[in-house]
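The values are calculated or read from the model by the stated rules, or taken from the named source; none is laboratory data. Keep in mind it's a predicted model, so treat the numbers as computed, not measured. With ideal geometry, Cβ positions are generated from the backbone for all residues, glycine too; neighbour counts draw on all protein chains shown.
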Ligand SMILES: NC(=O)c1ccc[n+]([C@@H]2O[C@H](COP(=O)([O-])OP(=O)(O)OC[C@H]3O[C@@H](n4cnc5c(N)ncnc54)[C@H](OP(=O)(O)O)[C@@H]3O)[C@@H](O)[C@H]2O)c1
(Lines give C-alpha, C1' and ligand atoms only; values in the text may rest on other atoms or scores of the structure.)
Protein backbone atom coordinates (compact mmCIF):
# COMPACT_ATOMS: atom_id res chain seq x y z
CA UNK A 1 0.00 0.00 0.00
CA UNK A 2 2.69 2.48 1.07
CA UNK A 3 4.71 1.82 -2.06
CA UNK A 4 1.94 2.82 -4.40
CA UNK A 5 2.88 5.74 -6.60
CA UNK A 6 0.86 8.93 -6.28
CA UNK A 7 -0.28 10.58 -9.52
CA UNK A 8 -1.77 14.04 -9.93
CA UNK A 9 -3.36 14.74 -13.32
CA UNK A 10 -4.90 17.98 -14.56
CA UNK A 11 -7.70 18.23 -17.11
CA UNK A 12 -9.19 14.91 -16.04
CA UNK A 13 -12.85 15.69 -16.73
CA UNK A 14 -12.63 14.69 -20.39
CA UNK A 15 -10.63 13.04 -23.16
CA UNK A 16 -7.06 11.97 -22.53
CA UNK A 17 -7.01 13.15 -18.91
CA UNK A 18 -10.14 11.17 -18.05
CA UNK A 19 -8.89 8.00 -19.76
CA UNK A 20 -5.41 8.29 -18.29
CA UNK A 21 -6.76 8.72 -14.76
CA UNK A 22 -8.85 5.55 -15.26
CA UNK A 23 -6.00 3.49 -16.72
CA UNK A 24 -3.54 4.49 -14.00
CA UNK A 25 -6.05 3.69 -11.23
CA UNK A 26 -6.66 0.30 -12.83
CA UNK A 27 -2.89 -0.29 -12.86
CA UNK A 28 -2.63 0.30 -9.11
CA UNK A 29 -1.58 3.96 -8.91
CA UNK A 30 -3.23 6.28 -6.39
CA UNK A 31 -4.74 8.91 -8.64
CA UNK A 32 -5.81 12.49 -7.92
CA UNK A 33 -7.72 14.00 -10.82
CA UNK A 34 -8.33 17.73 -11.22
CA UNK A 35 -10.52 19.87 -13.47
CA UNK A 36 -13.10 22.64 -13.18
CA UNK A 37 -16.13 20.46 -13.99
CA UNK A 38 -16.49 18.17 -11.00
CA UNK A 39 -19.69 16.48 -12.28
CA UNK A 40 -17.85 15.13 -15.31
CA UNK A 41 -15.26 13.52 -13.03
CA UNK A 42 -17.86 11.82 -10.77
CA UNK A 43 -17.61 8.50 -12.72
CA UNK A 44 -13.88 8.40 -11.89
CA UNK A 45 -14.80 7.81 -8.24
CA UNK A 46 -15.94 4.30 -9.25
CA UNK A 47 -12.28 3.55 -9.99
CA UNK A 48 -11.15 4.77 -6.57
CA UNK A 49 -9.91 8.06 -8.02
CA UNK A 50 -9.92 11.18 -5.84
CA UNK A 51 -11.39 14.16 -7.66
CA UNK A 52 -10.40 17.75 -6.95
CA UNK A 53 -11.62 21.12 -8.18
CA UNK A 54 -8.79 22.64 -10.20
CA UNK A 55 -8.59 25.75 -12.33
CA UNK A 56 -5.04 25.91 -13.66
CA UNK A 57 -5.37 29.65 -14.34
CA UNK A 58 -5.80 30.32 -10.62
CA UNK A 59 -2.76 30.33 -8.28
CA UNK A 60 -4.82 29.47 -5.19
CA UNK A 61 -6.66 26.66 -6.89
CA UNK A 62 -3.34 25.07 -7.93
CA UNK A 63 -1.84 25.54 -4.45
CA UNK A 64 -4.94 24.10 -2.74
CA UNK A 65 -5.11 21.07 -5.00
CA UNK A 66 -1.42 20.19 -4.65
CA UNK A 67 -1.42 20.84 -0.87
CA UNK A 68 -4.45 18.59 -0.45
CA UNK A 69 -2.62 15.70 -2.10
CA UNK A 70 0.65 16.26 -0.24
CA UNK A 71 -1.11 16.56 3.12
CA UNK A 72 -2.89 13.25 2.52
CA UNK A 73 -0.17 11.24 0.80
CA UNK A 74 3.05 13.01 1.79
CA UNK A 75 4.20 13.26 -1.82
CA UNK A 76 3.34 13.37 -5.51
CA UNK A 77 5.43 10.95 -7.58
CA UNK A 78 4.02 11.80 -10.98
CA UNK A 79 2.53 15.07 -12.19
CA UNK A 80 0.68 14.91 -15.51
CA UNK A 81 0.10 18.40 -16.92
CA UNK A 82 -2.71 17.66 -19.35
CA UNK A 83 -5.24 20.54 -19.03
CA UNK A 84 -5.44 22.50 -22.24
CA UNK A 85 -7.60 23.71 -25.09
CA UNK A 86 -7.33 25.12 -28.59
CA UNK A 87 -7.97 28.79 -29.23
CA UNK A 88 -8.36 28.95 -33.02
CA UNK A 89 -8.89 32.14 -35.00
CA UNK A 90 -6.81 34.44 -37.20
CA UNK A 91 -4.12 36.55 -35.55
CA UNK A 92 -6.06 39.62 -36.68
CA UNK A 93 -9.36 38.49 -35.15
CA UNK A 94 -8.22 36.98 -31.84
CA UNK A 95 -8.06 39.56 -29.06
CA UNK A 96 -4.94 39.87 -26.95
CA UNK A 97 -7.11 39.03 -23.94
CA UNK A 98 -8.14 35.73 -25.57
CA UNK A 99 -4.53 35.01 -26.51
CA UNK A 100 -3.37 35.66 -22.94
CA UNK A 101 -6.00 33.22 -21.67
CA UNK A 102 -4.69 30.55 -24.08
CA UNK A 103 -1.26 30.93 -22.50
CA UNK A 104 -2.75 31.08 -18.99
CA UNK A 105 -4.22 27.60 -19.44
CA UNK A 106 -1.76 25.81 -21.72
CA UNK A 107 1.54 27.27 -20.48
CA UNK A 108 1.26 29.16 -17.19
CA UNK A 109 -1.21 26.61 -15.78
CA UNK A 110 1.32 23.87 -16.44
CA UNK A 111 4.08 25.99 -14.88
CA UNK A 112 1.95 26.78 -11.80
CA UNK A 113 1.33 23.11 -11.00
CA UNK A 114 4.95 22.22 -11.73
CA UNK A 115 6.24 24.90 -9.35
CA UNK A 116 3.87 23.71 -6.62
CA UNK A 117 4.91 20.08 -6.95
CA UNK A 118 8.68 20.54 -7.34
CA UNK A 119 9.75 21.20 -3.72
CA UNK A 120 8.44 17.82 -2.56
CA UNK A 121 9.89 16.00 -5.57
CA UNK A 122 13.28 17.63 -5.01
CA UNK A 123 13.21 16.66 -1.36
CA UNK A 124 12.63 13.03 -2.32
CA UNK A 125 15.14 13.19 -5.18
CA UNK A 126 12.65 11.50 -7.47
CA UNK A 127 9.64 12.23 -9.64
CA UNK A 128 8.27 12.44 -13.13
CA UNK A 129 6.63 15.43 -14.79
CA UNK A 130 4.70 14.52 -17.91
CA UNK A 131 3.69 17.47 -20.07
CA UNK A 132 1.01 16.94 -22.69
CA UNK A 133 2.17 19.05 -25.58
CA UNK A 134 1.10 18.28 -29.16
CA UNK A 135 2.46 17.52 -32.60
CA UNK A 136 1.29 21.13 -32.92
CA UNK A 137 4.22 22.06 -30.67
CA UNK A 138 6.48 21.31 -33.63
CA UNK A 139 4.63 22.73 -36.64
CA UNK A 140 1.89 25.29 -37.22
CA UNK A 141 -1.46 25.32 -39.02
CA UNK A 142 -3.44 28.39 -40.17
CA UNK A 143 -5.65 29.94 -37.45
CA UNK A 144 -3.66 28.10 -34.78
CA UNK A 145 -1.13 30.85 -34.07
CA UNK A 146 -1.90 31.12 -30.36
CA UNK A 147 -2.50 27.42 -29.77
CA UNK A 148 0.73 26.46 -31.52
CA UNK A 149 2.67 29.25 -29.82
CA UNK A 150 1.49 27.97 -26.46
CA UNK A 151 2.51 24.40 -27.30
CA UNK A 152 5.89 25.50 -28.75
CA UNK A 153 6.35 27.26 -25.42
CA UNK A 154 5.42 24.05 -23.55
CA UNK A 155 8.14 22.28 -25.54
CA UNK A 156 10.73 24.96 -24.69
CA UNK A 157 9.78 25.11 -21.02
CA UNK A 158 9.94 21.31 -20.78
CA UNK A 159 13.39 21.17 -22.40
CA UNK A 160 14.78 23.72 -19.93
CA UNK A 161 13.08 22.00 -17.00
CA UNK A 162 14.50 18.62 -18.02
CA UNK A 163 18.05 19.96 -17.89
CA UNK A 164 17.49 21.82 -14.60
CA UNK A 165 15.95 18.85 -12.84
CA UNK A 166 18.17 15.99 -13.92
CA UNK A 167 20.49 16.74 -10.93
CA UNK A 168 17.51 15.93 -8.64
CA UNK A 169 16.64 12.71 -10.48
CA UNK A 170 13.34 14.26 -11.65
CA UNK A 171 12.45 13.28 -15.20
CA UNK A 172 10.55 15.57 -17.58
CA UNK A 173 8.71 13.92 -20.44
CA UNK A 174 6.81 15.43 -23.37
CA UNK A 175 3.86 13.65 -24.94
CA UNK A 176 3.08 14.94 -28.44
CA UNK A 177 -0.29 13.61 -29.58
CA UNK A 178 -1.53 13.78 -33.17
CA UNK A 179 -5.23 13.68 -34.10
CA UNK A 180 -7.05 12.27 -31.04
CA UNK A 181 -10.82 11.79 -30.74
CA UNK A 182 -11.78 13.88 -27.70
CA UNK A 183 -13.76 17.04 -27.11
CA UNK A 184 -10.69 19.09 -28.11
CA UNK A 185 -11.68 19.60 -31.77
CA UNK A 186 -15.25 20.65 -30.87
CA UNK A 187 -13.92 23.38 -28.60
CA UNK A 188 -11.21 24.47 -31.07
CA UNK A 189 -13.53 24.53 -34.10
CA UNK A 190 -16.33 26.29 -32.21
CA UNK A 191 -13.78 28.93 -31.22
CA UNK A 192 -12.71 29.29 -34.85
CA UNK A 193 -16.31 29.59 -36.04
CA UNK A 194 -17.24 32.13 -33.38
CA UNK A 195 -14.11 34.23 -33.78
CA UNK A 196 -14.29 34.30 -37.60
CA UNK A 197 -18.06 34.75 -37.84
CA UNK A 198 -18.47 38.08 -39.64
CA UNK A 199 -14.90 38.80 -40.54
CA UNK A 200 -12.76 38.67 -43.66
CA UNK A 201 -11.34 35.24 -42.77
CA UNK A 202 -14.73 33.55 -42.61
CA UNK A 203 -14.61 31.62 -45.91
CA UNK A 204 -11.07 30.39 -45.30
CA UNK A 205 -12.02 29.47 -41.73
CA UNK A 206 -15.12 27.56 -42.90
CA UNK A 207 -12.98 25.60 -45.35
CA UNK A 208 -10.51 24.73 -42.60
CA UNK A 209 -13.33 23.70 -40.24
CA UNK A 210 -14.63 21.24 -42.85
CA UNK A 211 -11.13 19.80 -43.38
CA UNK A 212 -10.42 19.52 -39.64
CA UNK A 213 -13.79 17.81 -39.06
CA UNK A 214 -12.88 15.22 -41.68
CA UNK A 215 -9.62 14.51 -39.88
CA UNK A 216 -11.20 14.19 -36.45
CA UNK A 217 -13.94 11.84 -37.73
CA UNK A 218 -11.47 9.84 -39.84
CA UNK A 219 -11.53 6.12 -39.12
CA UNK A 220 -7.82 6.30 -38.23
CA UNK A 221 -8.23 9.15 -35.72
CA UNK A 222 -6.74 7.82 -32.49
CA UNK A 223 -8.73 6.97 -29.38
CA UNK A 224 -7.58 8.77 -26.21
CA UNK A 225 -6.99 5.39 -24.54
CA UNK A 226 -4.03 4.87 -26.92
CA UNK A 227 -2.35 8.02 -25.62
CA UNK A 228 -3.00 6.85 -22.03
CA UNK A 229 -1.06 3.68 -22.83
CA UNK A 230 1.88 5.76 -24.05
CA UNK A 231 1.75 7.81 -20.85
CA UNK A 232 1.75 4.59 -18.81
CA UNK A 233 4.76 3.34 -20.79
CA UNK A 234 6.64 6.57 -20.03
CA UNK A 235 5.73 6.31 -16.35
CA UNK A 236 6.90 2.71 -16.11
CA UNK A 237 10.14 3.27 -18.00
CA UNK A 238 13.38 3.52 -16.01
CA UNK A 239 14.83 5.58 -18.80
CA UNK A 240 11.93 7.34 -20.56
CA UNK A 241 12.33 9.12 -23.88
CA UNK A 242 12.32 12.93 -23.74
CA UNK A 243 9.36 13.09 -26.18
CA UNK A 244 6.75 10.62 -27.35
CA UNK A 245 5.08 11.42 -30.68
CA UNK A 246 1.90 9.41 -30.80
CA UNK A 247 -1.41 9.10 -32.63
CA UNK A 248 -2.83 9.64 -36.10
CA UNK A 249 -0.58 11.69 -38.43
CA UNK A 250 1.86 12.79 -35.72
CA UNK A 251 4.98 11.06 -37.01
CA UNK A 252 4.12 11.68 -40.69
CA UNK A 253 3.56 15.43 -40.24
CA UNK A 254 6.71 15.94 -38.18
CA UNK A 255 8.67 14.08 -40.84
CA UNK A 256 7.21 16.30 -43.60
CA UNK A 257 7.95 19.38 -41.52
CA UNK A 258 11.55 18.20 -41.25
CA UNK A 259 12.14 17.49 -44.94
CA UNK A 260 9.96 19.96 -46.84
CA UNK A 261 10.61 23.62 -47.63
CA UNK A 262 8.25 25.98 -45.74
CA UNK A 263 6.20 27.00 -48.78
CA UNK A 264 5.47 23.43 -49.84
CA UNK A 265 4.40 22.58 -46.29
CA UNK A 266 2.22 25.74 -46.22
CA UNK A 267 0.39 24.40 -49.28
CA UNK A 268 -0.15 21.00 -47.70
CA UNK A 269 -1.40 22.49 -44.43
CA UNK A 270 -3.86 24.85 -46.12
CA UNK A 271 -5.08 22.55 -48.92
CA UNK A 272 -5.14 19.05 -47.43
N1 LIG B 1 -7.32 15.90 -28.99
C2 LIG B 1 -6.26 16.17 -29.72
O3 LIG B 1 -6.26 15.93 -30.95
C4 LIG B 1 -5.01 16.72 -29.08
C5 LIG B 1 -3.83 16.67 -29.82
C6 LIG B 1 -2.65 17.15 -29.27
C7 LIG B 1 -2.64 17.66 -27.99
N8 LIG B 1 -3.81 17.72 -27.27
C9 LIG B 1 -3.71 18.25 -25.88
O10 LIG B 1 -4.09 17.23 -24.99
C11 LIG B 1 -4.57 17.80 -23.76
C12 LIG B 1 -5.89 17.14 -23.38
O13 LIG B 1 -6.86 17.48 -24.34
P14 LIG B 1 -8.04 16.50 -24.82
O15 LIG B 1 -7.82 16.21 -26.23
O16 LIG B 1 -8.23 15.39 -23.86
O17 LIG B 1 -9.24 17.56 -24.77
P18 LIG B 1 -10.58 17.68 -23.89
O19 LIG B 1 -11.36 16.42 -24.00
O20 LIG B 1 -11.21 18.95 -24.32
O21 LIG B 1 -10.03 17.83 -22.39
C22 LIG B 1 -9.40 19.00 -21.94
C23 LIG B 1 -9.34 19.01 -20.42
O24 LIG B 1 -8.66 20.22 -20.00
C25 LIG B 1 -9.40 20.77 -18.93
N26 LIG B 1 -9.22 22.21 -18.77
C27 LIG B 1 -9.42 23.19 -19.67
N28 LIG B 1 -9.22 24.38 -19.10
C29 LIG B 1 -8.86 24.15 -17.81
C30 LIG B 1 -8.52 24.97 -16.69
N31 LIG B 1 -8.52 26.31 -16.76
N32 LIG B 1 -8.21 24.37 -15.49
C33 LIG B 1 -8.23 23.04 -15.38
N34 LIG B 1 -8.55 22.19 -16.40
C35 LIG B 1 -8.87 22.77 -17.59
C36 LIG B 1 -10.84 20.42 -19.20
O37 LIG B 1 -11.58 20.37 -17.98
P38 LIG B 1 -12.61 21.49 -17.43
O39 LIG B 1 -13.15 22.23 -18.62
O40 LIG B 1 -13.61 20.67 -16.69
O41 LIG B 1 -11.78 22.32 -16.53
C42 LIG B 1 -10.70 19.00 -19.76
O43 LIG B 1 -10.70 18.06 -18.71
C44 LIG B 1 -4.65 19.29 -24.02
O45 LIG B 1 -3.50 19.93 -23.47
C46 LIG B 1 -4.64 19.39 -25.55
O47 LIG B 1 -4.15 20.62 -26.03
C48 LIG B 1 -4.98 17.27 -27.80
Among residues of the stretch 148-182 being away from the ligand (no atom under 13 Å from the Cβ), free of Cβ contacts under 8 Å to residues at least 60 places away in the same chain and not in a helix (DSSP H, G or I), the residue surrounded by the most Cβ atoms within 10 Å (Cβ to Cβ) is 170
Q) When you look at residue 191, is it touching a residue at least 40 places away in the same chain (Cβ under 8 Å), farther than 17 Å from residue 80 by Cα and assigned to a helix (DSSP H, G or I), yes or no? A) yes
Across the stretch 1-34, the tally of residues that are assigned to a loop (DSSP other than H, G, I, E, B) and touching a helix residue (DSSP H, G or I) at 6+ places or on another chain (Cβ under 7 Å) stands at 5
Just one listed residue, out of 80, 76, 51, is at pLDDT 95 or above, away from the ligand (no atom under 11 Å from the Cβ) and buried (at least 16 other Cβ atoms within 10 Å of the Cβ), and it is 76
Of the residues in the stretch 68-79, those that are out of contact with any strand residue (DSSP E or B) (no Cβ under 7 Å at 6 or more places or on another chain) and farther than 10 Å from residue 120 by Cβ come to 71, 72
(message) With the structure loaded, tell me whether residue 57 is within 10 Å of the ligand (Cβ to nearest atom), surrounded by fewer than 22 Cβ atoms within 10 Å (Cβ to Cβ) and within 21 Å of residue 114 (Cβ to Cβ) or whether it fails that test.
(response) yes
Here the qualifying pairs (Cβ atoms under 7 Å; residues six or more apart or on different chains; first in the stretch 22-51 and more than 18 Å from residue 70 (Cβ to Cβ); second away from the ligand (no atom under 13 Å from the Cβ) and assigned to a loop (DSSP other than H, G, I, E, B)) come out as 25/48; 25/49; 28/4
Reported set for the stretch 194-220 where residues are within 13 Å of the ligand (Cβ to nearest atom) and assigned to a helix (DSSP H, G or I) is 212, 213, 215, 216
| Any chance the stretch 93-103 includes a residue that's buried (at least 23 other Cβ atoms within 10 Å of the Cβ) and either more than 13 Å from residue 154 (Cβ to Cβ) or touching a residue at least 60 places away in the same chain (Cβ under 8 Å) (or both)? | no
Counted residues in the stretch 1-48 being surrounded by fewer than 24 Cβ atoms within 10 Å (Cβ to Cβ) and more than 14 Å from the ligand (Cβ to nearest atom) come to 16
